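Just below is one structure, and these are the notes that go with it.
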Amino acid sequence: LVVAFLVAYHQNKQLIGEKGLLPCKLYLQNVKKYFKGKVNMDALSYAPTIIWFLDWSDMDRTLDYLSLFGLATSTFVLITGCANMVLMAVLWVLYLSLVNVGQIWYSFGWESQLLETGFLGIFLCPLWTLSRLPRHTPPSGIVIWGFRWLIFRIMLGAGLIKIRGDRCWRELTCMDYHYETQPVPNPVAYFMHRSPWWFHRFETLVNHFVELVVPFFLFLGRRMCILHGLLQILFQVLLIVSGNLSFLNWLTIVPSIACFDDASLGFLFSSRRGGVKERAAKMQLSPAAGEQLPLRYGCYVRKVVNISFGLLIAYLSIPVVLNLLNSRQVMNTSFNPLRLVNTYGAFGSITKERTEVVLQGTSSLDPNDPTAVWEEYDFKCKPGDLKRRPCFITPYHYRLDWLMWFAAFQTYEQNEWIIHLAGKLLAQEEETLSLMATNPFAGRAPPRWIRGEHFKYKFSRPGGKHASEGRWWIRKRIGPYFPPVNLQGLKKFYEDRNWPYPVRD
C-alpha cells in the first residue's frame, strides 16, 4: 500500500487530475449523467468512491489529499507493525476510491488483488487496539484460510489461463519470447532471453508445476502447506528479479505467508526475554482464563463477525469458481463493485514480437519536409533510446509506460489518450513532461508538430556488434503510428471530448 499510494501521489494529477490525460472529474460527470444526473445507489455501485462526496472544484488537491493520507497511514502501519480494523478499513476505502476513478490507468489485475488483500487484512486485526501482538484477538482460522484461498485462486487462475490461452504455453516455447516482449524488461531479462532453448522449456515446465500443481498442496496437511508457501515465495522472488511487474509479485507473497504457522516462523524472531516470541508462546500456553464478561462478550461478537466474513467470501467465490471451471475463462475480472473476491491471471497470451510507439517532435513548419529534424521523447522506463540500459524499478510502477506497451499492439483510435498526450507535449505542459524521461525541446520553443512512429524492437546480442556499441536494443521501423499533429489542429478533437485545451506553461 505504501508503494501504491506513493505511485498515486506522483502520477494521479498527470493521469486523472484536472488537466490529466483522462480527467476523473469528467469521468464522474459522465457516470452521473448516465444515471440521470443523480448520485444514487446505481451511480455509487457503478463507481464506488468517496470522491462523490468531496469537493470537485480542485480535483488535483482532492487526489493529493487522498494519496497523502493513505501514504501516511500505510507508512505508520509498515514502520510500527501496529494496525487495527479501523486503520485497515480506511486504507481500503481510500485505495478503492482511487481505483474506481482511475479508469484504464488502474485497470490492472494487481489493483483488484491489492483491494482483496487489504479487505482480508481488515479482519486480521483487532477492532481498536494498536499492538504488534494483540492479546485478545488472535487471527481467526477463517481469515487465514481466506488468504490461502486467495493465493490458490491467483496461482491456479494464472496457470489455467495459460494452458487455455496461447498454444506456446502448451508447446513449452513461451519463455523463448517472454523476457524480450514483457511490458517493461529489466537488465536481468536481457541476459535471460539468451538462455539456451532447453532452459526455456524447463522454465515453462516449472511455471506450470508451480501454478497448476503446487496450489493443491494447501489442502494436503501442514508440511505440504508450508512447502506450498516456500515454493510460491521463491517463485515470486524469481519473477521480481526477472521483470518489472509493478508490485504484483511483492503483493502475491503476502497471502503465501498464511501458509506458515507460528512454529515454522519462530526462527525469524529473537528469543530474548520479553520479546514477541516469548510473549506469543505464553499466550498460547495460557488460555484466556478469568477474563471479564465484556471481554468474553466481545470475543463472541468477533466469532460471529468472522463466521459472517467466511460466508461472504464463500458466496462471492461462486462466480469465481465457475469462471475457473469455464473453458472460456476470463482473467483479472471483478464480479462485484467492491472487488472483494476476484478472478486473476497473467500472460494468457504472449506477444512474439516487441513493438514500440516512439513519439517524435519537430520545429519544422512543414512536417512532410524530408529535411525536417525529428527528435525523440524518452519515457521513464519503457524501451526507447537504444543505448539506455533497461531499468529496474519494481515494486514502483510507471502507469504511462505500461499503457504505452498496450498501445503499441493496438491503434491510436483505440487509445485516444495518446493523442491527448501529444497535444500536451506540443504545449510543453510541465506536469505531463514529468511523466517523461527526456524533453528534447527543453529550454527551447516547443515543437510545432508531434508524430507517433511504430518500431519493432529486439534485444541486441550480448557480446555482439550492437552490444559492443553500447546498444541494448536494435530496432526496425514498421511505419507511422499516428500522423503528425499540431496544437491548432487538435482543437476540435479536444472540444469533442470536453478535454481542457493544453496551454503552454
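The values are calculated or read from the model by the stated rules, or taken from the named source; none is laboratory data. If you're wondering where the values come from, they're calculated on a predicted model, not measured in any experiment. Cβ coordinates were reconstructed from backbone atoms using ideal geometry, including for glycine residues, and neighbour counts include every protein chain displayed. Accessible surface is based on the protein model in full, side chains and every heavy atom, while ligands, DNA and RNA are left aside. Shrake-Rupley method; radii C 1.70, N 1.55, O 1.52, S 1.80 Å.
Within region 332-348, none of the residues are surrounded by 19 or more Cβ atoms within 10 Å (Cβ to Cβ), closer than 30 Å to residue 447 by Cα and charged (D, E, K, R). Residues in region 476-499 that are modelled with pLDDT under 95 and among the basic types (Lys, Arg): 491, 492, 497. Look at region 373-392: where a residue is outside the structural domain of residue 421 (by the TED database) and more than 16 Å from residue 354 (Cβ to Cβ), no partner that is part of a loop (DSSP other than H, G, I, E, B) and β-branched (Val, Ile, Thr) sits 6+ places away or on another chain with Cβ atoms under 6 Å.
Looking at region 432-449, which of its residues are under 20 Å from residue 385 (Cα atoms) and either open to solvent by less than 30 Å² (accessible area, probe 1.4 Å) or not β-branched (Val, Ile, Thr) (or both)? 432, 433, 434, 435, 436, 437, 439, 440, 441, 442, 447, listed by residue number.
Suppose the filter is more than 24 Å from the chain's Cα centre (by Cα) and of a type in the set (Ser, Thr, Tyr); does residue 308 pass it? Spelling it out, residue 308 is indeed more than 24 Å from the chain's Cα centre (by Cα) and of a type in the set (Ser, Thr, Tyr). Entry remark, region 163-209: residues being of a type in the set (Val, Ile, Thr) and either open to solvent by less than 10 Å² (accessible area, probe 1.4 Å) or not in a helix (DSSP H, G or I) (or both) number 4 in total.
Looking only at region 470-505, residues that are in a loop (DSSP other than H, G, I, E, B) and closer than 25 Å to residue 183 by Cα come to 3 in all. Close Cβ contacts (under 8 Å, 6 or more residues apart or on different chains) running from residues in region 7-18 that are under 16 Å from residue 393 (Cβ atoms) to residues that are open to solvent by 10 Å² or more (accessible area, probe 1.4 Å) and not in a helix (DSSP H, G or I) comprise 7/396; 11/398; 11/435.
Please verify whether region 29-42 includes one or more residues that are in the same structural domain as residue 102 (by the TED database), part of a helix (DSSP H, G or I), within 25 Å of residue 90 (Cβ to Cβ) and among the aromatic types (Phe, Trp, Tyr). So far as region 29-42 goes, no, none of its residues is in the same structural domain as residue 102 (by the TED database), part of a helix (DSSP H, G or I), within 25 Å of residue 90 (Cβ to Cβ) and among the aromatic types (Phe, Trp, Tyr).
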